[in-house]
Amino acid sequence: MSTPLKVALLGCGTVGTQVARLLADQSADLAARIGAPVSLAGIAVRRPNKHPDVPAALLTADAMALVASDVDLVVEVIGGIEPARTLLLAALRTGKSVVTANKALLAEHAAELFAAADESGADLYFEAAVAGAIPLLRPLRESLAGDRISRVMGIVNGTTNYILSAMDETGSGYAEALEEASRLGYAEADPTADVDGYDAASKAAILASLAFHTRVTAADVYREGISAVTAADIAAARTLGRTIKLLAICERNTGDNQESVTVRVHPAMIPRGHPLASVSGAFNAVFVEADAAGQLMFYGQGAGGAPTASAVLGDLVAVARNRVAGGRGPGESAYAALPVRPISMASTRYHVSLDVADRAGVLSTVASVFAMHDVSIAAVRQEGRGDEASLVIVTHSAPDAALRSTVDKIAGMPVVRDVVSVMRVEGEDL
Ligand code: NDP
Ligand code: HSE
């Protein structure tokens, strides 16, 4: 057995508490797996007096002093950009390997963190940052490193999936479901990061960076959250045999003789028979499509203290093993440097629900606007309601910009009384 490895734990909230528990409960097994015992040197929190269950000798409010002490590994589960960025840069620059669950930080500052890790030869691991307990980043970084990934698509935010599932399955209200997701420890400290899609966008940036060997930041990701999804949208989707999920979609595009990448996060209607439709509660599921491997699906608990701590501990064992063996895990791989294109250039499908005047020629007038923008209609459903009609149009694939212009034009037509909802459609070839 080598000399003990000292670990600094930064943060002891939903995830940190479970990391500390697993470190204590499994210390003998961890030592055997790593080849050296692991000892918890200290736990940095914001308010030490709020942690009566943690031995006082371990607690400190001075996270920087803990990082600067003689620890070997730093585990960060504070969240947010600062002080996490400064703390992790300080750790990496002094050769201390880092394990973090902080997707917001990685989606903005991965390049800077990897550069600091490269300079000192430290490891930077972050499996828990995307999709909770699901081993997903290691397969992308290592197992699929010999393949060419074309698409990554899935549900990567537990809170919004919990809310949408509750609204769909039990008819629960949006606010009530969000409150429950927060109570269960799934939501971010500021849950607007979840419901407005920022959390999923950070995760999509991380996934796209790894899948396409290209630096993608949160700012490159098109983002729409679920706050505009209504009970009526969910009921309409149900009538059509569909359900609504918040999806993260990372695609490699090969048109125009130049490869590029588009990364987007938005609610989408998917058929109830689609495998993602049955992913409910705080579970996540991600499809990866690669040239040689074909289609792979990763599924499991996407949020919560214990599931996330499992991913953190897996990384901790990996970086500790590297340290004992005197080696290092993979660093940043951004050599492909593919251009990241806006969603306007992505190929999508729309479900458009309109209230229109119910008189002769209205359907053909509306249809002509789709034709004018070179958008092909896949299905139309009309239902009369007195002098008004509800008109639902589902399109074939078209550039998002063309679909957006079509909807903008239709919204200004005198025969269109209201654009009730516009939702992208995924997961079926119409
Ligand atoms: P919590 O809000 O529950 O915990 C945050 C912890 O950080 C608290 O212990 C807090 O201290 C401490 N903290 C906050 N600011 C500071 C500071 N300036 N210095 C030292 N400590 C500080 O967050 P979670 O555990 O839910 O999340 C932690 C990270 O894990 C985030 O990056 C999150 O995105 C990520 N994550 C979370 C998942 C989840 O399901 N919850 C799943 C996957 C990833 P105090 O307790 O004293 O306030
Ligand atoms: N708030 C995040 C979610 C935690 O709900 O998915 C897991 O990353």
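The values are calculated or read from the model by the stated rules, or taken from the named source; none is laboratory data. Keep in mind that what you see is a predicted model, and the values were worked out from it rather than measured. We place every Cβ from the backbone using ideal geometry, glycine too, and count neighbours over all the protein chains shown. What goes into the accessible areas is simple: the full protein's heavy atoms, side chains included, and nothing from ligands, DNA or RNA. Shrake-Rupley method; radii C 1.70, N 1.55, O 1.52, S 1.80 Å.
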For T348, what is the net charge nearby, where nearby means another residue's Cβ is under 9 Å from its Cβ and Lys, Arg count +1, Asp, Glu -1? +1
Of all accessible surface on the stretch 137-301 at a 1.4 Å probe, what whole percent is carbon and sulfur? 49 percent
For F114, what accessible surface area do you get with a 1.4 Å probe? Give it in Å², rounded to 10. 10 Å²
Carbon plus sulfur fraction of accessible area for the stretch 6-69, probe 1.4 Å, in percent: 53 percent
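Averaging the inverse of every distinct alpha carbon separation and then flipping it gives the Kirkwood radius. What is it for the stretch 346-425, in angstrom units?
About 12.4 Å for the stretch 346-425.
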Residues of the chain: accessible area per residue with a 1.4 Å probe, Å²: 41 Å²
Once amide H atoms are built 1.01 Å from N in the peptide plane, which residues 5 or more positions from I377, or in another chain, come under 5 Å H to H? H396
Can you give me the Kirkwood hydrodynamic radius for the stretch 107-172, using every pair of distinct Cα atoms, in Å to one decimal? 14.8 Å
Which of the three applies to the stretch 190-346, rounded, prolate or oblate, going by the alpha-carbon gyration tensor with a ≥ b ≥ c and a/c under 1.5 meaning rounded? oblate
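Once you list every other residue whose beta carbon is under 15 Å from the beta carbon of L338, what net charge do they have if Lys and Arg are +1 and Asp and Glu are -1?
On the way: positive: R148, R151, R215, R252, R341; negative: D220, E251, D256, E259, E332.
Taking every Cβ under 15 Å from that of L338, the sum is 0.
Check each of the trypsin sites (Lys or Arg not before Pro) in the stretch 146-194 and keep only those in coil by DSSP with at most 10 other C-beta atoms within 10 angstrom; list them in order.
On the way: sites: R148, R151, R183; in loops: R148.
The qualifying sites: there are none.
Once you order the gyration tensor axes a ≥ b ≥ c over the Cα atoms, which shape class does the stretch 381-430 get: rounded for a/c under 1.5, otherwise prolate or oblate by comparing a/b with b/c?
Working: a/c = 2.97, a/b = 1.45, b/c = 2.05.
Cα axes put the stretch 381-430 in the oblate bin.
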Using Cα centres only, tell me the gap between the stretch 239-262 and the stretch 73-144 in whole Å. 27 Å
Expected sort for 341-348, 86-93 on mean C-beta neighbours within 10 Å, highest first, is 86-93, 341-348
With every protein chain kept in place and a 1.4 Å probe, the residues Y335, Y350, Y299 fall, from largest accessible area down, as Y335, Y299, Y350
Can you send over the carbon and sulfur percentage of the accessible area for the stretch 343-383, probe radius 1.4 Å, protein chains only? 51 percent
Need one word for the stretch 264-346: rounded, prolate or oblate. Basis is the Cα gyration tensor (sqrt eigenvalues a ≥ b ≥ c); a/c below 1.5 gives rounded, then a/b vs b/c decides. oblate
Calculated FRET efficiency for the pair A232/R21, C-beta based, R₀ 41 Å, to 0.05: 0.40
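Using a cut-off of 13 Å between beta-carbons, work out the net charge of the residues near A231 (Lys and Arg +1, Asp and Glu -1, A231 not included).
On the way: positive: R238; negative: D168, E169, E176, D233.
Charge balance in the 13 Å sphere: -3.
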R417/S344 FRET efficiency (R0 35 Å; Cβ-Cβ; nearest 0.05): 0.80
Given a cut-off of under 8 Å on Cα pairs at least six residues apart, what relative contact order in percent is computed for the stretch 166-316? 19 percent
At a 10 angstrom cut-off on C-beta neighbours, averaged per residue, how do the peptides 245-255, 152-162 rank from highest to lowest? 152-162, 245-255
Over the chain, what is the mean sequence separation of C-alpha contacts under 8 Å (at least six apart), divided by residue count, expressed as relative contact order in percent? 16 percent
Given the chain reduced to its alpha-carbon atoms as identical point scatterers, what log10 I(q)/I(0) does the Debye formula return at q = 0.08, 0.12 Å⁻¹? -0.49, -0.97
